[in-house]
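First comes the structure, then the notes that go with it.
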Amino acid sequence: MTRGITLDIAKRLNSLITGQGIKKTIKASHIVIITVMLIPLLLSVIFSVYNTYSYDRLITNVSKTRRLTQIVKTDVSNELWDIVAGNKSFSEGKQYEIIQNINDRLRDIMSTTSARENRNLLEVAGRAMNTLARYVDRLGLQMESSYPVIDNERILDEIRGTALLVSEILQDFIALEIDSAAAENETIKARAFIIGIIELATMLFVTAFSVAVQVSVASSVDKSIGALVSLSGRIAEGDLDARAEVLTVKELAALTEDLNTMAGKIKNLMEANIREQRNRQKSEMKALQAQITPHFLYNTLDSIVWLAEGNRYEEVISITRALSNFFRIALNQGGEWVSVQDEFKHIESYLIIQKIRYRDILDYTINYEPAMAGKTILKLLLQPLVENALYHGIKNKRGRGRILVRGWPEAGYLCFSAEDNGIGMTEEQLEEIRRHLGSVSPPGAARTGYGFYNVGRRLELYYNRKDLLKITSVYKKGTTVTLRIPEAAPYV
């Protein structure tokens, strides 16, 4: 350690010598020695302040959590018992103030907790408090609707159980914080030992400094050249993010800047090439969509003619309106992004058309969480999956079939599923389709896989992810396709 510190200080002196000349070396040496002598004192003060802060933070968290545990155990349950028992009305109760107070205290404790495991426990407690709040909301609705007392007591039991769970989680957090305090104590001992070593190293440094300066001057030049050799080697191996600091040796400074500039330009050229390839693939996917759409249009127009010839004018109006909505959303004025609400309207228009064509074999259900209606996703993700469910699932089984299309938010993702009770797929067929999902070319003879491939490739191109599409199927029972779309801005 002493040798490392000595060489580091000597390097700084060497930089001074290289940039300004040797006449300031003696003055710089005195400054270095005084500075080094002050290091142990400064470190001692810094470690002392830091140790005090860290230990105090842990003890404070334990104290706060113990008080919070008592509040969770008693205050919520007691307040709601008074309400259920009729001592006060739900609107007069302070249950929401107590819950808000608990959540505020949890956030306060979390803001001073650094250990990941400890924070995870607090996050679990926070989620449990959200569950408790929903139970309180439910109790309020039941009391407003004059539910029987026994029903209210059942909800109260759930609230008590949730409060007990939160209390147990907080007890576990206290145990972890105590363990952290013990670990911090061991760290304090280690820091004290390090300070002692530094003080010993300081004394050795003063003796070895004069020799180290001489060694450092020569080694500094060698290492500077070595750094440039290493940089050029990393660039040659493909590490285009590699950079070197501009050296104080004037003869090497220009070379260092040129190497850094060269690496940056090569990286920009490669990124431009990648973008060009992605744009080409996106164009190919758009062309594939253009090939699929006319086929659907021809069939739909044939259906309209057939209905008109049969004087089924209301169905003509219905299918024409659905077709208009279908293409309005699909075209989207040339845009690639639509709201979740419009994507489901697009699916509904498609299924209205198909329901008229296949009324004897097709039923469908569409539902999604209203909270996700305004979220933005890539358009035409669900229609190929629904089309696949109809043509390769429902039509290939006997009897009436059902398609269920759902949407729900989950942990930062917008989730969608298309489920059918059609013929399903064998393990071999399912494995073949999954293999094509990871391929750069569409499936050949396996027509069933086109819709899956189309959606999978578009997800990969626009969101830069390969794990957003999942397919499960059981032969003669049906198929379920699930999409998980990140709510964050996609890769474009």
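When the range 317-334 is filtered for residues that are among the hydroxyl-bearing types (Ser, Thr, Tyr) and exposed (fewer than 12 other Cβ atoms within 10 Å of the Cβ), only 324 remains.
Scanning the range 90-116 for residues that are in contact with a Leu (Cβ under 6 Å, 6 or more places away or on another chain) and more than 23 Å from residue 80 (Cα to Cα) returns a single hit, 110. Is there a residue being among the acidic types (Asp, Glu) and touching a residue at least 40 places away in the same chain (Cβ under 8 Å) anywhere in the range 168-177? For the range 168-177, residues among the acidic types (Asp, Glu) and touching a residue at least 40 places away in the same chain (Cβ under 8 Å): present.
Results for (1) modelled with pLDDT of 85 or more; (2) assigned to a helix (DSSP H, G or I); (3) over 35 Å from the mean Cα position of the chain (by Cα), shown as yes or no for each residue.
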{"position": "146", "(1), (2), (3)": "no, no, yes"}
{"position": "150", "(1), (2), (3)": "no, yes, yes"}
{"position": "160", "(1), (2), (3)": "no, yes, no"}
{"position": "166", "(1), (2), (3)": "no, yes, no"}
{"position": "172", "(1), (2), (3)": "no, yes, no"}
{"position": "190", "(1), (2), (3)": "no, yes, yes"}
{"position": "204", "(1), (2), (3)": "no, yes, yes"}
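Checking each residue in the range 34-80 for being polar (S, T, N, Q) and free of Cβ contacts under 8 Å to residues at least 60 places away in the same chain picks out 35, 48, 52, 60, 63, 70, 74, 78.
Remark: residue 75 falls outside the filter, which requires a residue to be modelled with pLDDT of 85 or more and part of a helix (DSSP H, G or I). Checked against (1) among the charged types (D, E, K, R); (2) closer than 15 Å to residue 300 by Cα; (3) touching a residue at least 60 places away in the same chain (Cβ under 8 Å), residue 397 meets all criteria but (2). Evaluate the following for residue 82: is it modelled with pLDDT of 80 or more, surrounded by fewer than 19 Cβ atoms within 10 Å (Cβ to Cβ), under 25 Å from residue 177 (Cβ atoms) and over 24 Å from the mean Cα position of the chain (by Cα)? Answer is no for this residue. The requirement of being in contact (Cβ under 8 Å) with a residue 24 or more places away in the chain and of a type in the set (Gly, Ala, Ser) is fulfilled nowhere in the range 92-114; no residue meets it.
Here is a list: 471, 485. Which entry is modelled with pLDDT of 80 or more, aliphatic (A, V, I, L, M) and in contact with a Ser or Thr (Cβ under 9 Å, 6 or more places away or on another chain)? Only one candidate qualifies: 471.
Residues that are closer than 20 Å to residue 414 by Cβ and under 28 Å from the mean Cα position of the chain (by Cα) do not occur anywhere in the range 322-333. One residue alone among 387, 314 is in a helix (DSSP H, G or I) and surrounded by 16 or more Cβ atoms within 10 Å (Cβ to Cβ), and that residue is 387. A single entry from 304, 317, 377 fulfils the requirement of being on the phi < 0 side of the Ramachandran plot, modelled with pLDDT under 85 and of a type outside the set (Gly, Ala, Ser): 304. Looking across the range 359-382, the residues that are assigned to a loop (DSSP other than H, G, I, E, B), over 23 Å from the mean Cα position of the chain (by Cα) and exposed (fewer than 14 other Cβ atoms within 10 Å of the Cβ) come down to 359, 360. Taken over the range 85-124, the residue count meeting the criterion of being over 21 Å from the mean Cα position of the chain (by Cα), of a type in the set (A, V, I, L, M) and crowded, with 17+ Cβ neighbours inside 10 Å is 5.
The values are calculated or read from the model by the stated rules, or taken from the named source; none is laboratory data. Only a predicted model underlies this, so the values are computations on that prediction, with no experimental measurement involved. Neighbour counts run over all protein chains shown; Cβ positions are idealised from the backbone, glycine included.
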